[in-house]
1. Throw me the Rg/Rh for chain A, computed over C-alpha atoms with Kirkwood Rh, two decimals.
2. Can you pull the mean other chain C-beta count within 10 Å for peptide B:45-52?
3. Per-residue Cβ counts within 10 Å, from other chains only, averaged over A:153-163: what number is that?
4. I need the calculated FRET efficiency for the pair B:Ala349 and A:Arg120, taking r as the beta carbon distance and R₀ as 35 Å, to the nearest 0.05.
5. Taking the Cα of B:Asp292, stepping 7 Å toward and past its beta carbon, and measuring to each backbone N in the range B:322-346: which are under 15 Å?
6. What percent of all Cα-Cα pairs in the range B:59-175 falls in each 5 Å bin, counting up from 0?
7. Hey, for A:Arg120 with labels 7 Å out along Cα-Cβ, what do the inter-copy distances come to in nm, ordered shortest first?
8. Could you give the distance between the Cα centres of the range A:286-329 and the range A:379-447, to the whole Å?
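A short reminder: the numbers here are calculations on the coordinates, not readings from a lab. Predicted, not measured: the structure shown is a model, and the values here were computed from it. Ideal geometry is used to build each Cβ from the backbone, glycine not excepted, and the neighbour counts take in all protein chains shown.
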There are 2 protein chains.
Amino acid sequence: VNSQTTAAERLGQFVSTTGWAKIPPGVQHEAKRALLNIAGCAAGAAGDEAVAMAVQTLSPYSGPAACTLIGRRERVDAPTAAFINAVSGNLFDFDDTHFETGIHPSTTVAAAALALAEERGSSGAEVLRAIVLGVEVCCRIGAAVSPGHYRRGWHISATCGVFGAAAAGAALLGLDEVQASAALGLAASQSSGVVENLATAGKNLGVGNAARNGLLSAHLAQAGYTASPTAVEGAFGWARVMGDEFDLARLERGLGEAWEIRANAYKPYPCGYVLHGEIDACLQLRERVRADAIEAVTVRGNQLLLDRADRQVFSARDARVSLQHAAAVALLRGRAAPEDFEDSAVSDAGLARLRAKVTAEIAPGMPDSAAEVAVRMADGSTITAQVVHPRGSLESPLSDEDLTAKFRANLVGVRLGAPAEDLVIQLWRLDEASAAGAVIARLGQTD
Amino acid sequence: VNSQTTAAERLGQFVSTTGWAKIPPGVQHEAKRALLNIAGCAAGAAGDEAVAMAVQTLSPYSGPAACTLIGRRERVDAPTAAFINAVSGNLFDFDDTHFETGIHPSTTVAAAALALAEERGSSGAEVLRAIVLGVEVCCRIGAAVSPGHYRRGWHISATCGVFGAAAAGAALLGLDEVQASAALGLAASQSSGVVENLATAGKNLGVGNAARNGLLSAHLAQAGYTASPTAVEGAFGWARVMGDEFDLARLERGLGEAWEIRANAYKPYPCGYVLHGEIDACLQLRERVRADAIEAVTVRGNQLLLDRADRQVFSARDARVSLQHAAAVALLRGRAAPEDFEDSAVSDAGLARLRAKVTAEIAPGMPDSAAEVAVRMADGSTITAQVVHPRGSLESPLSDEDLTAKFRANLVGVRLGAPAEDLVIQLWRLDEASAAGAVIARLGQTD
């Protein structure tokens, strides 16, 4: 590695020179897992009013309707599709998580890649290559400014997502090294999104713009737009202006050998990750107790769990970050599916009764994501279960079958262009498709 | 002022409750000056390849072509017009400057306002009101984070421009207080642009996105999108995440009484502001000397002038920040017009000979923007001239006639939808127009 090479040059070169065949089979397969996951998340959230409002606002300004909105009937142009699909993919934070950085990487990257591929008639392998490379760029840039960047208050999925979307666009457009580097440098001028707005629709704009503007960065670089080679790490470049030192060594370490998409995890439950250990413990307990005989539930975890999730529930948003609601759902229904965190579940009387019996207790030594749940029964007995590595953690990853089941669960009540079982087959075989657009179009709604 | 009111709430309320009649006549008039200035700048730069590339890339993704691109033949939808007109308006930094902050405020604001007004059939007074209020919001938010924000490396015209464009959109859409505040909060998640990219096309993306995304913030707020009330100044909000303390007192001081647009200055010459004192001095000297008898030119100024502008000239970009070129042009041609800073001027033999005779000398005590020029003649005599407040400074503002002349100079070689003399009349009377669109459409090219 030439120490004079800048981050944008290094990553631009990597993107432009890394063909599908250079990507190891296990990594290729991971791209299919990431896509299946994000497609289901987008389809499941596509009916939400936050998505509907964005479609209503943006679709009058769409050019030719070449692209599918996952889970919706409307078709729009590629930049608008990138925006909307990123919004729906990330809306419930049910998309994948790159633990080192806290980035949800596949959403912005896949939203840009799917839109461009459908517009251009790219192959399935080209889409998957774009996802692998986009996730790689997004997560490496994010890792080079972690953990300070997110802690400071930047919504890292958006601020780094724009680089990933630019890389995906560069890959699919076949940009050369110089153009691909320029695309990444142009992304540096389009990076935005603040944590203060995360609990509002403002979150959607950051993520949507990341996908759209990253895609346009690649187009503009192809048209001849240039950027400063040091746009990412220069004295007045992205990282420093945003408040971070840039760790070029982390950016480059193992590039082309260690793949960030393999450090990506998929959530089994559509709620805050801190609740997943607790849910797994409750699901174990449910095998052993009758919910209507429960007198009290005590959830033990570390300060992070209590800070983030010890709360009463007044809305679906609350439910997704409430340890009371998570325990009630898992103990009463034996699952934690998307509909278990919707308004109907919030107002369900049985869940409300059980939620009222749940209290939290600090367990200082417990690792992040671990939880212990104790259930006191009507007969005075107490049963406990503890989980250290919840399902979906890197230590206990979801299987392909789990991801297929998650996809189906996300599609409950959503009617797409093909039955879920057919879509599953087509997505698992996307690398064999000569035109990805035929598969992508079926992710839209037909009635 | 209620101390519990946030920045977005305070400014949103101001925008929604300040009608045209509440704006003093002198401020109303200033909006016409700002618009005449920016319309000419955009028309003059619209043929540049940086604009052409953006049009080529974005116009295939435009919806119905309701809006004019100033100085160009293509028509596009409102968000795309906002983007492109902001790019051309700011391209040569010939647009207005708010000295306290360094913001070029009218470009992003007017680009959003013109696009929306043409699409919606708004009146001329509504456009001018949107410009006044957009500039007010943009500059007050900028002032509340100055001087740290720009110094840190944020391209302040873009990062604050998105708030101004959102305010202009809110004004034209007639948003209520709550919606207008939300529009500003949504802008906080869409603020971007870094100084590292200022010498590249990356600058254009920051400015273009500010206009486009600000406009869309207003639309989304109208559709029901909300933002955190503390999106601007909260612990994880725009100002702090970007590295700045937020001076709420400066934001609010004199709101509705002291108008930021009156602290706005217009450049008479299409080059770095630091060169303007030198040019004025050279224009004085030219009345007294024959250029072909000049043996040497010494330009004296403070360190800022020398740091920014003591440079040889290889391109039009260099010419716009070269004190050598500025002196040669003013002494030889007796003016400093747009064509005097183009490639043809860079390669002009006479200018090159005179440039080679120009040297810079430090004059430590001299104020910013002042300059002294000494010309040594073939007969051994030396003549000097000094300027402290150059034309276009707040102390020596351009007159309405000067702005009219600047508009005409920007239009040399550009054929718009009406002769320049007619456009001048229509723009000076824009407040009387029941539909601004008829005037705006004539700012497009017709052949």
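1. Details: Rg = 21.8 Å, Rh = 22.0 Å.
Rg/Rh for chain A comes to 0.99.
2. Numbers: counts 0, 0, 0, 0, 3, 3, 0, 2.
Taking the mean over all residues of the peptide, I get 1.
3. On the way: counts 8, 3, 3, 0, 0, 2, 2, 0, 0, 1, 0.
Average neighbour count from other chains, rounded to a whole number: 2.
4. Details: r = 49 Å, r/R0 = 1.40.
It comes out at approximately 0.10.
5. B:332-333, by backbone N distance to the label point.
6. The calculated distribution, bin by bin, is 2, 14, 22, 22, 19, 12, 6, 3, 0.
7. So the distances to the same position in the other copies read 3.7 nm.
8. 25
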